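Some notes on the structure that comes next.
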Amino acid sequence: MPIPRTDLKEALQRLRDASRDLLNIMDELTTDEAILAEYGKVDAAIGSVDGIISGEGQKTSFSEFLQNVGCSLVRAQEKLDEESGAYLKRLQSGDRDFVQPSVFRIPKMSAEMKFAFGKIDSKRVGLIFYRRTSQAREQHQQSLTFELATAPPPPETIARLRREATKLEVPSIDLILSTADRDVILKPLRNISPLGRPIDRTRVLIWAAGGKSEYFLARAFVTDPAGKVGLWHLDLSGEEPILKVVVPFDPGIDPDTRAPLRAWVLRLAEAQARFWGAR
Amino acid sequence: MQSPLFRLKSLPEKIAAVAGQVTTSSRDIVAISLERFVRMPLGWPETLFMKRVQLRWHFFFARRRTGMFFFWKKGSLEQIVLDADLDMTVVPGESFERGPSITMEGIEYCFVLPPFVRIDRTAELLASIGLPEASPSNCIVLELGPGEQDLLAIKDPRKGVDGATITYTRFGKTVRVLPERIDRQRLWRPQPFIALFEAIRAWFLGGEGDVLPIRPPPKSRQSDVWKMLLQLVSAYVQSSQAIDERQPPPDGKLELVDELGVRYDIGRFESRIILRLTPEGEIAVEDEDDPFHLRLTLSMRREPRGASALVDVRPPDFLAGGDLREAFLDALDGAPGELSSVLGAKEAEARRFLREGRDSAVVFRVRWERDKDTDVIVLDGILDGTCVVAMLRGDFSVKATNSDPPAVELLSGTLEALFVGPSQMDEPVVPKDVVGYVLQFAAEIQKWLAVVV
């Protein structure tokens, strides 16, 4: 037979109160910490029905709550970012010279909330939010006021942030374009064809291979109908440079298979040359 | 519904757990805002950080046979409870460098004396102010007025109006403060009491007395008050450590999120406990033990080499400022007919007197029964062209509301003027309950000096 919810709540309430009365009586009868601690566990277990009796509201943790607030603020700012972008585009397309371009931002946010504590330990701080006004008045004894603000990071952090952001968002290869760095890398290869000639120095693609002082180098000839293209690994971390061939610079080996690689190297080498030409 | 009881010794770790989460959460929020930085189309370099977090706890201490406990919300089964609150604010530190770690051993304890309490109660002084048989253990000497000339000395204040001996020294002349029987009432002359109220008011408005260094007693001799104080100090120490532990090490390699983060410190840590004490300085168990409350305040301050704990006590029922005092004065302002009648002035003049005297008015509770307070309000100002002091007494209904302060209303027909006249007037007009309040106040301060100092 189903038990009405109100009866169940009353029964739990009586059990809870009886347990607390028993604990009070035991507290008067004995000072034995071990006995009290043992019964304290029983009382705590029975105490777990508190939430059912009171019809407790939403439970969350302190950190989850703040994270949610932070997330909401970031989402709201992102929405504003979009609107700002759309607004700037409308300004550019229309005849509105008299309107100053603006972007919209939320510089800070303050909030105050009341809650009751749930379980607290070093890893998690439980919070309870009550829905019913009467419960809120009775149970909400704690309050939290906080202020979130925005701040520009230091310039060096922004630079690092952008690098990190690029890596996170679009995996890419950073070609080494600094002539000073390239000179250091290519210096030991002066006598090695097809990497050591002056013309090669602007046409060789160089990028970091991951390890310290390790690089990949790629070179293709534009005019060579046989489709020469090579890929090397250069290790400058030791006393002597070590150059290993990854893809031999040999037109006789499977030219059709190597054609896409050749086209890619040529395209980047062209862009690289234009980069220096433009400077 | 009853809240779980926790052993007092577990209070610090619970508060520290919350404090530590502030740093963790702030780091999470920086990380969330970094995601926007990565996604945002327009490239505004901004990240979020937690500028200030203020936590206000309200909890209760309970005294039981097996020790002291605390719990978060008040239930009907616990009778012996002390109201307490804790205000902790976590803010970005002044420097990114981590200061020295705070430990319990590094705490310096100080007691802030009320500015008008004389602790040099020598036999010569006591003899010179008419209390030759008194000793420092059974009397208190209060310094009134701007100089050191006016003294109110009370021997055995806890014996009440019938057992205490009061002397008042003014301009070098000492008199016994005795009641006079008028119309079957015992009434006292007002000058020493008005001077004392003025001194208490000045104290409430920011006056601080000498700061005495104090030392916690050994564990075996710790009173309930010291036990609570030390656990609160421990809560501060553990909270500071929890915040420090969750911050990136100063010499380690910082992750991006740490580079953008902020180093936090505890900016404010102040706890107030409404104390009900027995004459021995223990928590009062029976209601009749104690009709008088004291508010203990513990303020922790970060010092270059550690931290200090400042302990201060004041009577919470004495109001020289704040929202509750304003609520009482508003209630009086809302009854111009009664005010006019007791002041013997026209309504407009009575209201003007109240409004002009509001800033310096004091309110104190001399009796309390559930929702009804009997309060005395002392006002000074110009009434009908004469400088006067008015001491009014009335019953007020005080009902808790969802927000502070409670709703206060003057109960019709209860307002009476105990005294309206020039402050130098020397007619016996002060009734027994006001003198009783002063004696209880003096007894509590004396008790406190014994407990803490």
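The values are calculated or read from the model by the stated rules, or taken from the named source; none is laboratory data. These figures come from a predicted structure and were not determined experimentally. No Cβ is skipped: glycine too gets one built from the backbone with ideal geometry, and neighbour counts run over all protein chains shown.
Would you mind finding the one in B:ALA153, B:ALA123 that is of a type in the set (A, V, I, L, M, F, W, C) and either surrounded by 20 or more Cβ atoms within 10 Å (Cβ to Cβ) or at pLDDT 85 or above (or both)?
On the way: B:ALA123 fails: either surrounded by 20 or more Cβ atoms within 10 Å (Cβ to Cβ) or at pLDDT 85 or above (or both).
After applying the criteria, what remains is B:ALA153.
Could you please let me know if A:ALA111 is modelled with pLDDT of 80 or more and more than 9 Å from chain B (Cβ to nearest Cβ)? Outline the logic, then answer.
Working: modelled with pLDDT of 80 or more: yes; more than 9 Å from chain B (Cβ to nearest Cβ): yes.
Answer is yes for this residue.
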Open item on the list: Looking only at the range A:128-154, how many residues end up being within 9 Å of another protein chain (Cβ to nearest Cβ) and modelled with pLDDT of 70 or more?
Closed with: 14
Open item on the list: Looking only at the range B:417-439, how many residues end up being part of a loop (DSSP other than H, G, I, E, B) and modelled with pLDDT of 85 or more?
Closed with: 2
- [ ] Pull up the range B:271-299, narrow it to residues that are more than 24 Å from B:ARG367 (Cβ to Cβ) and buried (at least 16 other Cβ atoms within 10 Å of the Cβ), then point me to the one that is modelled with the lowest pLDDT.
- [x] B:GLY281
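Can we say B:ARG325 is part of a strand (DSSP E or B) and either surrounded by 20 or more Cβ atoms within 10 Å (Cβ to Cβ) or among the basic types (Lys, Arg) (or both)? Working first, answer last.
On the way: part of a strand (DSSP E or B): no; either surrounded by 20 or more Cβ atoms within 10 Å (Cβ to Cβ) or among the basic types (Lys, Arg) (or both): yes.
The answer is no for B:ARG325.
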- [ ] For the range B:148-158, name all the residues that are under 27 Å from the mean Cα position of the chain (by Cα) and free of Cβ contacts under 8 Å to residues at least 40 places away in the same chain.
- [x] B:GLU148, B:LEU151, B:ALA153, B:LYS155, B:ASP156
Open item on the list: Pairs needed: first member in the range B:377-388, over 23 Å from B:ARG325 (Cβ atoms); second member anywhere, of a type in the set (A, V, I, L, M); C-beta distance under 8 Å; at least 6 residues apart or different chains.
Closed with: B:ASP384/B:ALA345
Task: The lone exception for A:ALA86 - which of (1) at pLDDT 70 or above; (2) buried (at least 16 other Cβ atoms within 10 Å of the Cβ) it fails - done: (2)
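Residue under question is B:LEU178, and the condition is that it be in contact with a helix residue (DSSP H, G or I) (Cβ under 7 Å, 6 or more places away or on another chain) and either hydrophobic (A, V, I, L, M, F, W, C) or without any contact (Cβ under 8 Å) to a residue 60 or more places away in the chain (or both); does it hold?
Numbers: in contact with a helix residue (DSSP H, G or I) (Cβ under 7 Å, 6 or more places away or on another chain): no; either hydrophobic (A, V, I, L, M, F, W, C) or without any contact (Cβ under 8 Å) to a residue 60 or more places away in the chain (or both): yes.
Here the answer is no, as B:LEU178 does not meet what is asked.
Can you say whether B:LEU196 is in contact (Cβ under 8 Å) with a residue 24 or more places away in the chain and part of a strand (DSSP E or B), as far as the supplied structure shows? Step through it out loud before you land on a result.
Numbers: in contact (Cβ under 8 Å) with a residue 24 or more places away in the chain: yes; part of a strand (DSSP E or B): no.
No; evaluated as a whole, the condition is false for this residue.
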Task: Residue in the range B:409-416 that is loosely packed, with under 14 Cβ neighbours inside 10 Å and modelled with pLDDT under 85 present - done: no
- [ ] Among the numbered conditions (1) touching a helix residue (DSSP H, G or I) at 6+ places or on another chain (Cβ under 7 Å); (2) under 16 Å from A:ILE173 (Cα atoms), tell me where A:VAL229 comes up short.
- [x] (2)
Open item on the list: I need every pair where a residue in the range B:359-374 that is touching a residue at least 24 places away in the same chain (Cβ under 8 Å) has its Cβ under 6 Å from the Cβ of a residue that is among the acidic types (Asp, Glu) and surrounded by 14 or more Cβ atoms within 10 Å (Cβ to Cβ), sequence separation at least 6 or different chains.
Closed with: B:VAL363/B:ASP375; B:PHE364/B:ASP317; B:ARG365/B:ASP317; B:ARG365/B:ASP373; B:ARG365/B:ASP375; B:VAL366/B:ASP433; B:LYS372/B:ASP395; B:THR374/B:ASP395
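Tell me which residues, restricted to the range A:58-83, are at the interface with chain B (Cβ under 7 Å from one of its Cβ atoms) and in contact with a Gly (Cβ under 9 Å, 6 or more places away or on another chain). Explain how you work it out, then say what you get.
So the first thing to find is which residues in the range A:58-83 are at the interface with chain B (Cβ under 7 Å from one of its Cβ atoms), and the list is A:62-63, A:66-67, A:70-71, A:73-74, A:77-78, A:81.
Answer for the range A:58-83, where residues must be at the interface with chain B (Cβ under 7 Å from one of its Cβ atoms) and in contact with a Gly (Cβ under 9 Å, 6 or more places away or on another chain): just A:PHE62.
With respect to B:LEU319, determine if the residue is at pLDDT below 90, within 22 Å of B:GLN222 (Cα to Cα), surrounded by 18 or more Cβ atoms within 10 Å (Cβ to Cβ) and hydrophobic (A, V, I, L, M, F, W, C).
Numbers: at pLDDT below 90: yes; within 22 Å of B:GLN222 (Cα to Cα): no; surrounded by 18 or more Cβ atoms within 10 Å (Cβ to Cβ): yes; hydrophobic (A, V, I, L, M, F, W, C): yes.
So B:LEU319 fails the test.
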